[in-house]
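Below: the structure, in structure tokens.
The values are calculated or read from the model by the stated rules, or taken from the named source; none is laboratory data. For clarity, every value in this text was computed on a predicted model and none was experimentally measured. Every residue, glycine among them, receives a Cβ derived from its backbone with ideal geometry; neighbour counts consider all protein chains shown. Just so you know, the surface numbers come from the protein's heavy atoms only, side chains and all, with ligands and any DNA or RNA stripped out. Shrake-Rupley method; radii C 1.70, N 1.55, O 1.52, S 1.80 Å.
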Amino acid sequence: METKSSTDQGSDEKAWLKILAKYRTPHAGRSVFELTITAIPFAAFWTLTWLAVHLGFWSGLILIVPAAGFLLRLFMIQHDCGHGSFFARRRLDDWTGRILGVLTLTPYDYWRRAHATHHASAGNLDERGVGDITTLTVTEYYGRSRWGRIGYRLYRHPLVMFGIGPAWLFLFQQRLPVGMMRDGVLPWVSTMTTNAAVMVIAALLIWSIGPVSFLVVHLPIVLLAGSIGVWLFYVQHQFEETHWSKAPEWQFPKAALHGASHYDLPPPLRWLTGNIGIHHVHHLSSKIPYYRLPEVLRNHPELCEIGKITLWQSLQCVKLVLWDERSGRLISFREAASTAPPAARVQ
């Protein structure tokens, strides 16, 4: 049986760039519709949650869950705006993204620059550290001091990664242009104007509904949406058969198609998350609006099985924390310890 050479595979991956180009055009009416059917339900669930708390129906706090879901979907629209794919009109995309960034606590222009770096370097072992989840190789992990390894284990613990981490990211870290302090005025303007707008809206809400209601309603919505968002971002790149490499082996088409997953969620979750699970196609052609990604899979079913993981399988990804350069896959701490030299394990 013949197998394709790496050159042939690379040619196939580059061919997809041309094939997917025709899906890059958004439909203005559909984009407005998507924004409307996301913003209005978010406002409705937020209001109903507050009314439940105000009237003493504490069981109504369950409405925090759908409110957080629609806030997450608003972030997915902000995400498409950052790629210039939602309206394909730069000014309209940018101002839509900036307004949504106030709701999502994400400074739009600052985030857009960091996210562009992530797209340009995803899967590149030589260019880690901006807009991604810190991932060490097995060699790098055992090259750290004992306290360095403990720190990395804590960072990778699910409670930190999906609980404390998102809270820190959205409530505190994104209040400053971390990582871009000396990259010109735009990151500072983005973060400070977003902070000011957030403070004005928070003050108005606290004045109108009271500080307790504001904290009981809004804070959990933001934190839950943030945790789900971080989980999605994690699963999109932290799966066993993902792709990492160094230059000159690293090539964008291959890293995009094989370094991002196809998170095959149930239809309601797929809709609520803005089809972001079709992440390998998104990374290969980020100008495709999220509502056209299912169209790509329908027309090109061969893309469905690349990097595919189910909701159940994704739960197993939590333990994958180190890149093993020898086997070319992500592995767990336990598996790394079983193959590491004894001297490294006791260091």
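Restricted to region 11-64, and to residues there that are among the polar types (S, T, N, Q) and assigned to a helix (DSSP H, G or I), the residue that is farthest from residue 297 (Cα to Cα) is 59. Of the residues making up region 82-102, those that are over 15 Å from residue 36 (Cβ atoms) and either open to solvent by less than 10 Å² (accessible area, probe 1.4 Å) or in contact (Cβ under 8 Å) with a residue 12 or more places away in the chain (or both) number 11. What pairs can you find where one residue is in region 239-267 and of a type in the set (Lys, Arg), the other is open to solvent by 30 Å² or more (accessible area, probe 1.4 Å), and their Cβ atoms are less than 7 Å apart, with a gap of 6+ or different chains? From region 239-267, the pairs are 246/126.
Looking only at residues of region 153-169 that are in contact (Cβ under 8 Å) with a residue 24 or more places away in the chain and of a type outside the set (A, V, I, L, M, F, W, C), we find that the one that is most open to solvent (accessible area, probe 1.4 Å) is 153.
Being under 27 Å from residue 185 (Cα atoms), without any contact (Cβ under 8 Å) to a residue 12 or more places away in the chain and either in a helix (DSSP H, G or I) or not β-branched (Val, Ile, Thr) (or both), is that true of even one residue in region 69-80? The answer is no; no qualifying residue exists. Tallying residues that are aliphatic (A, V, I, L, M) and assigned to a loop (DSSP other than H, G, I, E, B) within region 218-251 yields 1. For region 217-229, which positions are touching a residue at least 40 places away in the same chain (Cβ under 8 Å) and surrounded by fewer than 19 Cβ atoms within 10 Å (Cβ to Cβ)? Listed by number, the residues that qualify are 220, 223, 224. When every residue of region 238-251 is checked against the conditions, none turns out to be out of contact with any helix residue (DSSP H, G or I) (no Cβ under 8 Å at 6 or more places or on another chain), closer than 26 Å to residue 167 by Cα and open to solvent by less than 30 Å² (accessible area, probe 1.4 Å). One residue is enough: does region 317-334 have a residue meeting the conditions touching a residue at least 40 places away in the same chain (Cβ under 8 Å), more than 20 Å from residue 157 (Cβ to Cβ), among the acidic types (Asp, Glu) and open to solvent by 60 Å² or more (accessible area, probe 1.4 Å)? So far as region 317-334 goes, yes, one or more of its residues are touching a residue at least 40 places away in the same chain (Cβ under 8 Å), more than 20 Å from residue 157 (Cβ to Cβ), among the acidic types (Asp, Glu) and open to solvent by 60 Å² or more (accessible area, probe 1.4 Å). On inspection, residue 232 does not qualify as farther than 20 Å from residue 104 by Cβ and either among the acidic types (Asp, Glu) or open to solvent by less than 20 Å² (accessible area, probe 1.4 Å) (or both). Filtered by the rule that a residue be among the hydrophobic types (A, V, I, L, M, F, W, C) and open to solvent by less than 40 Å² (accessible area, probe 1.4 Å), region 117-139 gives 122, 125, 133, 136, 138. Every listed requirement among (1) touching a Cys at 6+ places or on another chain (Cβ under 6 Å); (2) modelled with pLDDT under 95 is met by residue 97 save one, (2). Give me the residue from region 140-152 that is among the aromatic types (Phe, Trp, Tyr) and open to solvent by less than 70 Å² (accessible area, probe 1.4 Å) and, out of that set, nearest to residue 107 (Cα to Cα). Filtering region 140-152 for residues that are among the aromatic types (Phe, Trp, Tyr) and open to solvent by less than 70 Å² (accessible area, probe 1.4 Å), the one nearest to residue 107 (Cα to Cα) comes out as 152. The number of residues in region 252-302 that are crowded, with 19+ Cβ neighbours inside 10 Å and assigned to a loop (DSSP other than H, G, I, E, B) comes to 11. Of the residues making up region 16-55, those that are among the small types (Gly, Ala, Ser), over 14 Å from residue 77 (Cα atoms) and open to solvent by 40 Å² or more (accessible area, probe 1.4 Å) are 21, 29, 43, 44.
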